[in-house]
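Notes follow once the structure below has been shown.
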Amino acid sequence: MTKTYERLTAVAVLLMLLAAGMIFLYAPEDYLQKEPQRIFYLHVSAAIAAFACFLAVLVGSVIYLRTENARADRLARAAALVGVVLTTVTLVMGMLYAKPIWGTFWTWDARLTSTLVLWIIYAGYLLLRRLAEPGPQVARYAAVAGIFGFVDVPIVYFSVTWWRTVHPGPVIVTNALPPEMLITFLVTMACTLFLAAVMVGIRYRIETLLDEAPSGAEATIRGTQREPELAR
Amino acid sequence: MTRSVEVAFAVARKDLTSEWRTRELVPALGQFVVLALVIANFGFQIDSQNAATIAPGVLWLALVFAGLVAFGRAFAAEREQASLEAMLLTPASPVAIFAGKALAAALLLIACEVVLLPALALLFGTPLNVALVAAVLLATVGMAALGCLFAAMVARVRAREVLLPLLTLPLWIPFIIAGGQAVQVAMGASGSYNQAVALLIDFDILFVVLTSLAARFVLDD
């Protein structure tokens, strides 16, 4: 099992190096935005991969509420963590892009606001899982929080669009990209999605092992003190 | 159906009666929002020019944090007496019990708004009109539904004081976006009041439906 994950991780790292090579060597420089435009490839890919992770949290949460299946809950836990990491990547890379292009790290535009709210909601989800006693009860609570979080973000996005938006609009679906850029973007997106899937897989395995560990072992692993657990 | 409505009203009446007898929460909340206004005054260096631009923000900050206290308390008494389990053992549906608790908490928050809105108008010199009150009341409905759902959730989790704001505040943001817009317009800013209020009503319907669907999973054990 561990061997498989090691191989998959190696493949993911190689794929990300390939994507990096394409971004810096193959894709042409943007006429107007120059070098900072290269942030776009990983920024949008990370955002899409994060969204896929939160979709997995939603699916896992709904399945868990319907069936009480522990595997669905583990999927939600694993995907939420990876999703928060990818959202962090999206936010940080977006800020690095915004500084030279817009002249500021942050602006309260619809996309930026809703991404930040997304990050806060799922960071709260992870904290709920960390602070509450593990067990079927908190799994149910977290599933409810995961579903509400997913509903909230599009609402925030559409409510803020009243304000003027400075974020670049969709360029993929409108065919605005030259073919080299489009290919680079698609490769980067595929590699990022693969990387995200591998990370979710590894995290899922860790959650499985934690669930199967004898009572009290988790406290040792995590290095935190907990009350004795009644049910796992 | 009528049975559930009766249960909800009975639970709400129970909570309001116990609040009336102890008179603990509402005076504390009233004091809290007045304090928030005093702190805002020092934090912002308020004068007659900037009061109208700052007041909507102060209103929402005070209301949101008062709401967290009110909803946190909604289940605190039940937890201390372990009476929630007893209520859930009765044949009454958990959703009806939840609706009653949310109704009572919403009314307590409205009692706190009765202090907040006139105090804001008095101390900040902002208009106090029907449009303003309507927007705040509409936001209270949805905020109460969400706040009570998460209060019920964290009541049985350790570190509940930390978790309640963390889970609730981000989900209240839609209400603050639309409600904030409506209150700004009601206080004299330019913009569409009707659009903001229409959105508030939409959010109310959406989140009341969603929370009543989710209440079963939170209260059921």
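Taking B:V183, A:V153 and ordering them by how much accessible surface each has at a 1.4 Å probe, largest first, produces A:V153, B:V183. With both labels modelled 7 Å from their Cα along Cα-to-Cβ, the A:A10 to A:D211 distance reads 2.9 nm.
Rounded, prolate or oblate: which one fits segment A:38-167, using the alpha carbon gyration tensor with axes a ≥ b ≥ c (rounded when a/c is under 1.5, else prolate when a/b beats b/c, else oblate)? Prolate is the answer for segment A:38-167, as a/c is 1.5 or above and a/b outweighs b/c.
For peptide B:172-184, the mean count of partner chain Cβ atoms within 10 Å of a residue's Cβ comes to 3. Working note: Debye formula, equal point scatterers on the alpha-carbon atoms of chain B, no solvent; log10 I(q)/I(0) at q = 0.10, 0.11 Å⁻¹ is -0.45, -0.54.
If I fit a long axis through the Cα atoms of helix B:193-219 and take the longest principal axis of the Cα atoms of chain B, what angle between them do I get, 0 to 90°, rounded to 10? Between the helix axis and the principal axis of chain B, the angle is about 20 degrees. Couplings for segment A:134-140, taken from phi via the Karplus curve 6.51 cos²θ - 1.76 cosθ + 1.60 with θ = phi - 60°, read x, x, x, 5, 5, 4, 5 Hz in order; Gly and Pro are left as x. Couplings 3J(HN,Hα) of segment B:84-95, computed from phi: 5, 4, 4, 5, 6, 6, 6, x, 4, 6, x, 4 Hz, in residue order, whole Hz [Karplus 6.51 cos²θ - 1.76 cosθ + 1.60, θ = phi - 60°; x for Gly and Pro]. Contact with the other protein chains removes 40 Å² or more of accessible area, compared with the isolated chain and a 1.4 Å probe, from these residues of segment A:111-149: A:L128, A:L131, A:Q137, A:R140, A:Y141, A:V144, A:F148.
What is the percent carbon and sulfur in the accessible area of chain B, measuring with a 1.4 Å probe over the protein chains and ignoring ligands? Ligands and nucleic acids excluded, carbon and sulfur give 68 percent. Within the assembled protein chains, the solvent-accessible surface assigned to B:W172 is about 0 Å², based on a 1.4 Å probe. With a 10 Å cut-off around each Cβ of B:155-165, the average count of Cβ atoms from other chains is 3. Give me the angle, in degrees from 0 to 90, between the Cα long axis of helix B:160-186 and the longest principal axis of the Cα atoms of chain B, rounded to the nearest 10. Roughly 40 degrees, rounded to the nearest 10. So if I average 1/r over every pair of distinct C-alpha atoms in segment A:59-107 and take the inverse, what Kirkwood radius in Å does that give? After inverting the pairwise mean of 1/r, the radius is 12.7 Å.
Counting only residues at least eight positions apart within a chain, or on another chain, the aspartates and glutamates with an alpha carbon under 18 Å from that of B:K14 are B:E6, B:E24, B:E78, B:E80, B:E85. In vacuum, with every alpha carbon of segment B:81-183 counted as one equal point scatterer, what does the Debye formula give for log10 I(q)/I(0) at q = 0.23 Å⁻¹? Two decimals, please. Ignoring solvent entirely, the Cα scatterers give -1.26.
Taking the three principal axes of the alpha carbon atoms in the protein assembly as shown, the coordinate ranges are 72, 61, 41 Å, sorted in descending order. Peptides B:111-119, A:201-209, B:67-75 ranked from most to least packed by the mean count of surrounding Cβ atoms within 10 Å: B:67-75, B:111-119, A:201-209. Using a 1.4 Å probe over protein heavy atoms, the accessible area lost on pairing B with A, summed over both chains, comes to approximately 2600 Å².
Taking each DSSP H run with n ≥ 4 as -39500 (n - 2.57) and averaging over every residue of the protein assembly as shown yields -28000 deg cm²/dmol at 222 nm. The mean accessible area for residues of segment B:60-209, using a 1.4 Å probe and ignoring ligands and nucleic acids, is 37 Å² per residue.
The values are calculated or read from the model by the stated rules, or taken from the named source; none is laboratory data. Since the model is a prediction, treat every value here as computed from it, not as a measurement. Note: ideal-geometry Cβ built from the backbone for every residue, glycine included; neighbour counts use all protein chains shown. The protein model used for the area step is the full one, side chains on, heavy atoms only, and it has no ligands, DNA or RNA in it. Shrake-Rupley method; radii C 1.70, N 1.55, O 1.52, S 1.80 Å.
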